[in-house]
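Q: Have a look at this one before I ask anything.
The values are calculated or read from the model by the stated rules, or taken from the named source; none is laboratory data. Quantities reported herein were computed from a predicted structural model and do not represent experimental measurements. Neighbour counts run over all protein chains shown; Cβ positions are idealised from the backbone, glycine included. All accessible areas refer to the heavy atoms of the entire protein, side chains included, with ligands and DNA or RNA removed. Shrake-Rupley method; radii C 1.70, N 1.55, O 1.52, S 1.80 Å.
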Amino acid sequence: MTIVDLPTPVVVTRHQCPFCRRYTRADAKRIEDHMTRCWKNPALRNCKTCEHHLPAMQSEEYCNPDGWCACGSYPEGCDVDAAPAGATFPISNCPKWQAAP
Ligand SMILES: [Zn+2]
């Protein structure tokens, strides 16, 4: 009798957030919880999925030719100024939210 001493493959099931595709967990319930606050979930009407979103460094001119802003002069923003004064980005449930194309 021969004993086969080889690594045994193990197949596991994980679940992934369908919006960001970065969040994965074995437990589907954890994913469902995450989806209610995922920045990429368009149902949350937040800046990250809105066509008015201005990502950091693209708000105006670039500070340096590589398009990377070291001074923070052009942080994340909104091109229709929908964010309430003093709000920190991204905001959710925005009345001016429109799906990014
Ligand atoms: Zn997600």
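Q: If you count, for each residue, the other Cβ atoms within 10 Å and average over each peptide, how do 95-101, 78-84, 41-47 line up from highest to lowest? Numbers along the way, then the final one.
A: Values: 95-101: 11.1, 78-84: 13.6, 41-47: 18.3.
Highest mean packing first, the order is 41-47, 78-84, 95-101.
Q: Express the carbon and sulfur contribution to the solvent-accessible surface of segment 1-56 as a percent, rounded to the nearest whole number, probe 1.4 angstrom.
A: Solvent-exposed carbon and sulfur of segment 1-56 make up 56 percent of the total.
Q: Also, quick follow-up: Sort the following peptides by mean Cβ neighbour count (other Cβ atoms within 10 Å, averaged over residues), highest first: 20-32, 2-14.
A: Highest mean packing first, the order is 20-32, 2-14.
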